[in-house]
Structures are given as structure tokens and as C-alpha cells.
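Only one structure is covered here, and it is reproduced in the block below.
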Amino acid sequence: MKPLEGILVLEFAQFMAGPSAGLKLADLGARVIKIERPNTGEAGRQIALKNLFLDGSSLVFHTVNRNKDSYAANLKDPEDLERIKKLIAQADVMTHNFRPGVMDKIGLDYNTVQGINPKLVYATVTGYGTEGPWSKKPGQDLLIQAMSGFVNLTGNQNDDPVPVGAAVSDIITGTHLAHGILASLIKRSKTNKGALVEVSLLESTLDLQFEVITTYLNDGNQPVERAKQGAANPYLGAPYGVYKTQDGYISIAMGSLTKLGEIIESPEIQTYTDSDSWFTKRDEIMDLLRVKLIIKTTEHWLNLLEPQGVWCSDVFDYKTLLNHDAYHVLQMDQKLPLLSGEEVHTLRCPIRVNNKRIFANKPAPRVGQHTKDIIKEFNL
């Protein structure tokens, strides 16, 4: 039995942040029903990476909506809305990521829904919160990365702002939403009352940077300074970064620079005995490391450094990683068959419970695939 079996979640969310929270809950055993507009479904069905589609919906949609049912409803239709309210009365959780004010117009705002089901956990995602000058701006991952300062942490000294090549703002926000929901369900078990859970892309992305923003706040508001080359964290000194070797790259994390200098037999690096200089003279130290590390292969350096306790690693692309024994032993892959006869090859839930891996039971649904069955099951 999975931890959340018996929990019913109604997901009015679309795109990535809200549905990724639903994905986490569904993988852990919750019954998640997507409430979608008839025919076209949620807008995320048409948002694709590399224009990849399966069974009429984007591969992205299939990735984030496995283990869910689909109920098609026109929320502007009184009859459909009444059925939805009956479903809400029987649910444990409801999520949405509409812009502020949209659910009020529909008649499914928190206060109204609380009157229907006082035990319900009502969870929302916004871009920038519900108040302030940005509250009605579109909440989108790249925009949030840009406006939160996150784009200034990646890349080298002379680079333009560099966004991270993954939907980090969406995913961390979905994780925070799931955290809030789970905490509220635990509280409900004690109080028998629901709760309003609110997260925003901006606040979650700021929290993702709490380490570096705290440094900024306590260091006289000094501007972010990325390393000249091979930067990995603008607030950490040498050797922290990525370096080219004779046949590839190697990453070296924090540690004793003088010890590193001894191991690789670099007298020049051993002269930096003051640990403060590892940051203040980071660029010149990293230049010396680059000159040294490029003369031998990555394997040579790993064989030399790892036995001495230096934190370092190879730098893999997906082809290398996904064919490595260390990846295979994790058993991260899963394949889900679609009604069309196509197949989604994706990753499983990363959480293990009682030493058991969690795999999906079913693929993402077609629009309204379960509407008739849900109407009958819940007497709508």
C-alpha cells in the first residue's frame, strides 16, 4: 500500500508547476483527477520540448501527468459546475494555478469551496503572489529565473545572464506545493479542518537561492561575481569548478587547495596557503589548475584524486550517463503503454518507501477519458 492511498486530489492546474505537485502525490498513491476543458484539455497538452508528441499530447504532458485520471468539464456551464462542486464535497485536496481572481469569477474560490467542504486542503500556485505590482504578470519559468536574479549565478564572468536549461522554478514550486499539501493533511488529521496552501514561482525560486541570497544580505550587498572560466558557484573559491582535461572534463568541488596542489604536484598552487586567497584570487588559481589538468586524461586525474579523498567527478552527457552501470543499478527507467499503441519511456518517482521503488501504474490520460466512470462512481 502506497502512503497516500485513499486521498482524493482534484487538479485544476495546468502546464508544469501545479501538475508536477499532482504527479508527486499520484506517484505516492493519491487518486488524482485532472479537471480539464472538454475536447482540448489543459493548455499544457500543447507545450512541447523539441515538438515531440504522443497520442495527441505533448511528451511533456505525458511526463508530468502519469497516474492521473481526466474529467472533462466546462466550468462556465452550470450543470458541469454543479457536478464539480459535488466532486469537491468528496475530495481531500484541490489544486489550481489560475491567475488571481479567475476562480472567484467561476465560483470556486477558497471561501466558497470551504463552505462546500470545510475539510478540503485548497492549494494554489501563482507567479508572483496574489498582491503587489507583479501579481497579474504571467508566471513562466524563464521569466521567473530572470526576475529572481537566478540567471546571474550560472555562467562565466563575461557571459550574459545565463538561465538554467531545465524548468527549475516550476519543479521547485511544485515540490513546495506538495510539501504544503502534505503538511496540511497531517494537521487535518488532528483538527478535522482543511487549509489554504499558497506558493508562488517567485517565492519558491528565491527560496531555491536562500544560501546565496543570505550571503548577499550579510556581506554588505556585494554584487555577484562569477569566476572568469569554469564557474560553478559565484560565492565559492578555487578549486570549485569544471576544468578541461586532455580528453574531456573534470569537476572539482570544495576542499583543501594546498592538498590538491600536493597531489597533482603543482608547487605554484601550493603557495596559496591563505584560504582567503582561494576566493579573492580565484581566477588566477583556476588558471593554474587549467594549465595543469589539461595535460592528462580525466581518468588519470580521477584515479589520482579520488583515492586521496578529493571530491571530484567525470562530466557526463546523457548518452554516457544512461549507459553507465551506476545508472542501471538505480532502476530509474519505466515505460508506459498508451492507448494509441505508442510508449512513453520516462523516469520513475525518485522516492523509495520501505526499500521499495515506486513505479507508475498508468500513463497520462486522454482528455475526459474517465469522465463517465467518475460521474457514476461519485454519483454526480
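Read-outs throughout are calculated quantities, based only on the coordinates presented, and are distinct from any laboratory measurement. Here the structure is a predicted model, which is why all the values come from computation and not from measurement. Don't worry about glycine lacking a Cβ; one is built from the backbone with ideal geometry, like all the others, and counts go over all protein chains shown.
Only beta bridges with both residues in the chain are counted; by DSSP, about 45 percent of them are antiparallel. Note on the chain: GNM, Cα springs under 10 Å; of 353, 121, 199, the largest mean-square fluctuation is that of 353.
Couplings 3J(HN,Hα) for the stretch 366-375, derived from phi with the Karplus relation 6.51 cos²θ - 1.76 cosθ + 1.60 (θ = phi - 60°), are 6, 4, x, 4, 10, 4, 4, 5, 5, 4 Hz, where x marks Gly and Pro.
Residue 92 sits among other residues whose Cβ lies under 11 Å from its own Cβ, and their net charge, with Lys and Arg +1 and Asp and Glu -1, is +3. Given R0 = 51 Å, the distance between the Cβ atoms of residue 262 and residue 320 translates into a calculated FRET efficiency of 0.95. Normalised by 2.2 N^0.38 Å, with N the number of residues, the alpha-carbon radius of gyration of the stretch 83-187 equals 1.34. Among the aspartates and glutamates, select those whose C-alpha is under 14 Å from the C-alpha of residue 86, and discard any that sit fewer than 8 residues away in the same chain. Partners found: 377. Using only alpha-carbon positions in the stretch 8-164, the gyration tensor eigenvalues give semi-axes of 30, 20, 14 Å once each is multiplied by 5 and square-rooted (largest first). Considering only 22, 41, 261, the Gaussian network model of the chain with Cα springs below 10 Å gives its largest mean-square fluctuation to 261. Under a 5 Å amide H cut-off, with hydrogens placed 1.01 Å from N, residue 14 pairs with 97 among residues at least 5 apart or on other chains. For the stretch 287-368, the C-alpha radius of gyration divided by 2.2 N^0.38 Å, with N the number of residues, is 1.70.
Of the cross-linked pairs 136/187; 50/85; 228/259; 335/356; 2/376; 85/362, those separated by over 29 Å at the C-alpha level are 136/187; 50/85. Residues whose amide H comes within less than 5 Å of that of residue 249, counting only those at least five positions distant or on another chain, are 315 (H built at 1.01 Å from N in the peptide plane). By the Stokes-Einstein formula, at 1.567 mPa s and 4 °C, the stretch 67-130 with its Kirkwood radius over alpha-carbon pairs has D equal to 104 µm²/s.
Taking the number of Cβ atoms within 10 Å of each Cβ as an exposure proxy, the fewest-first ranking of 1, 16, 286, 332 is 1, 332, 286, 16.
Kirkwood's formula applied to the C-alpha pairs of the stretch 237-300 gives a hydrodynamic radius of 11.6 angstrom.
Shape analysis of the stretch 97-151 yields a ratio of the Cα radius of gyration to the Kirkwood radius, Rg/Rh, of 1.09. Between the beta carbons of residue 345 and residue 209, assuming R0 = 41 Å, the FRET efficiency works out to 0.80 to the nearest 0.05. Mind giving me the FRET efficiency for residue 43 and residue 331? R0 is 41 Å, r the Cβ-Cβ distance, nearest 0.05 is fine. According to the calculation, E is roughly 0.80.
DSSP assigns beta bridges within the stretch 1-134; of those with both partners inside it, close to 10 percent run antiparallel.
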